[in-house]
Amino acid sequence: ETVDGIYIASAKGNCEISNNIVHSIVRNHVNGYIPYLTGIRISHSGFTNNIKIYNNSISDIRTTYVGVPTTELLAKGISFAAGIYFGTTYEMWNNSISIDGTSFPNASNACMEIQEGTLDTYILKNNVLANFSAAQTGVAGHYVISTNQTNRIGSAFTSSDFNDLFIANDAGTSGHIGRGNTTNYSTLAAWQTGMSYHSGIDANSVSANPNFVNNN
């Protein structure tokens, strides 16, 4: 079971997700169920699409999970879910995502999750992705971006730049700028080097506190 602020399934053609404020979503943990939740989740198959995602704000995405520490991402700002894809292009500009997993230290979380990092194309520009989670427990971690590929986030046409990718706490231990499959990239420099499939990934991006008036 997944709880979503916005869920897009089987989108077709040219689509747009813009000017939304998604916040204060809580997924209660019930024994026997993994409590996944996202601010925006996109999941579709069988179509070639262009999906523009811009001027959205996502914050205060929380789970009450108290189970054993897990590497699974139970709370995500935006998730590009896996499926049978035919080369969708996602253009994501000028979005702000603020995640704080302090209240659920046993559950991993991320501002952005990419479950299909080979066929789809991602154009990520001018976004603020900030994770304010405190130090976590055991194997649990918090991330800015998580991709299912070790050294890439999408097709050869993917580009990402001029973003703010920020980890506030426990950097290098439970907090990381990125996760590529099972490899953690703790700093922006490590992320730039690790995503070696793409030329110049996030070359002009920064990792700095965006100083939101209210992180939630």
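Taking the chain as a Gaussian network, where each spring joins two C-alpha atoms under 10 Å apart, which residue of Lys76, Lys125, Lys52 fluctuates the most?
Of Lys76, Lys125, Lys52, the most mobile in the Gaussian network model is Lys52.
Would you kindly calculate the translational diffusion coefficient of the range 146-214, applying Stokes-Einstein with the Kirkwood radius from alpha carbon pairs, for 10 °C and a viscosity of 1.306 mPa s, and quote it in µm² s⁻¹ without decimals?
128
Give the residue list of GluC sites (Glu not before Pro) in the range 1-75 that are DSSP loop and have at most 16 other beta-carbon atoms within 10 angstrom.
Glu1
Where does each of 100-112, 194-206, 130-142 land if you order them by average Cβ count within 10 Å, highest first?
By packing density, highest mean first, the sequence is 100-112, 130-142, 194-206.
Give me the dipole magnitude in Debye, nearest 20, for the chain about the Cα centre, with unit charges on the beta carbon: positive for Lys and Arg, negative for Asp and Glu.
Dipole magnitude for the chain comes out near 120 debye.
Go through the range 57-67 residue by residue and turn each phi into a ³J(HN,Hα) via Karplus (6.51, -1.76, 1.60, θ = phi - 60°); whole Hz please, and just put x for glycine and proline.
10, 10, 7, 6, 9, 9, 10, 9, 4, 10, x
Can you give the net charge of the other residues whose Cβ lies under 13 Å from the Cβ of Ser18, counting K and R as +1 and D and E as -1?
Charge balance in the 13 Å sphere: -1.
Calculate the dipole size of the range 71-149 relative to its Cα centre from +1 charges on Lys and Arg beta carbons and -1 charges on Asp and Glu beta carbons; express the result in debye to the nearest 20.
In total the dipole reaches around 120 debye.
Can you list residues from other chains, or at least 5 along the same chain, whose modelled amide H is less than 5 Å from the amide H of Arg179?
Residues meeting the amide H criterion: Ile145, Ser146, Thr147, Tyr185.
For a bin width of 10 Å, list the pair-distance distribution of the chain built from all Cα-Cα distances, rounded to whole %.
Going from the shortest bin to the longest, the percentages are 9, 38, 39, 13, 0.
Grab the DSSP H runs of the chain that are 4 residues or longer, score each as -39,500 (n - 2.57), total them, divide by all residues and round the 222 nm result to the nearest 500 deg cm²/dmol.
-1000 deg cm²/dmol
Give me, ordered by chain and number, the residues 5 or more places off Thr121 or on other chains with an amide H under 5 Å from its own placed amide H.
For Thr121, the qualifying residues are Thr88, Thr89, Tyr90, Ser155.
Using a 1.4 Å probe, what is the accessible area per residue for the chain, in Å²?
With all protein chains present, the chain gives 41 Å² per residue.
The values are calculated or read from the model by the stated rules, or taken from the named source; none is laboratory data. As the structure is a computational prediction, the values presented were derived from the model and not from experiment. Reconstructed Cβ throughout: ideal geometry from the backbone, glycine too, with neighbour counts over all protein chains shown. The accessibility values were calculated without ligands, DNA or RNA, using every heavy atom of the protein model including side chains. Shrake-Rupley method; radii C 1.70, N 1.55, O 1.52, S 1.80 Å.
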